[in-house]
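Below is one structure, written out as structure tokens; comments come after it.
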Amino acid sequence: MPSQQQGPGIAFSDKHLEILKDLHNFSRLKRYHGLLPHKETLFYDPDVFQELRDNALVEKGIIFTSCGSTLKGYRLADGVRERLRESGVDLTSPSKNSEALEEVEDFLEPEHIDILVDVYHLSQTHKYGGIAPKEMLSEHEKKMVKMLYDSGYIFYIKLKGAEVKHRKGYILSRRGACLLRDLDCVA
């Protein structure tokens, strides 16, 4: 049974907290201007996501760039972090996913975990600007990387800009990060 925490005007399930924590994590990524890209929201239950929007916890944003492209996405509404903290909800605490080990046994192989660990460590390296460059993961089988992407364990990023060194790569999703923590692969 999903855990329930009380927040501002809503009882949070694990699904609510997962979305809020992912929004919080994306807010620190400069390349997305603090937005969780719209295409990444397809991994979430649309009803749960809409419930957060209806309760004014999540708001839609659009970034217009000088090159004419736009970034559509979502972010935590102003003051939500403070309201959640006052309600006892910590967006920075790792959520212990009790199903993580079962998932590993069901369809993830040791090679999948190796890829996730590589993505984690490469994206922590300052040299790569917060992403695991695509070319650095080319030694892994493409099918395995694609399966991790399709399953929501990693996000694919394409960057544009004059000062961008590594333009294509991956970052861990909240789901991937929690899995690695549950397996004690990362701190």
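List of remarks:
- The set of residues in the range 153-168 that are modelled with pLDDT of 85 or more and not in a loop (DSSP other than H, G, I, E, B) comprises ILE154, PHE155, TYR156.
- Inclusion of LEU148 among residues that are assigned to a helix (DSSP H, G or I) and modelled with pLDDT of 85 or more is warranted.
- Criterion violated by GLN124 - all others in (1) modelled with pLDDT of 80 or more; (2) surrounded by 13 or more Cβ atoms within 10 Å (Cβ to Cβ); (3) not hydrophobic (A, V, I, L, M, F, W, C) satisfied: (2)
The values are calculated or read from the model by the stated rules, or taken from the named source; none is laboratory data. For clarity, every value in this text was computed on a predicted model and none was experimentally measured. Every residue, glycine as well, gets a Cβ built from its backbone with ideal geometry; the counts of neighbours run over all protein chains shown.
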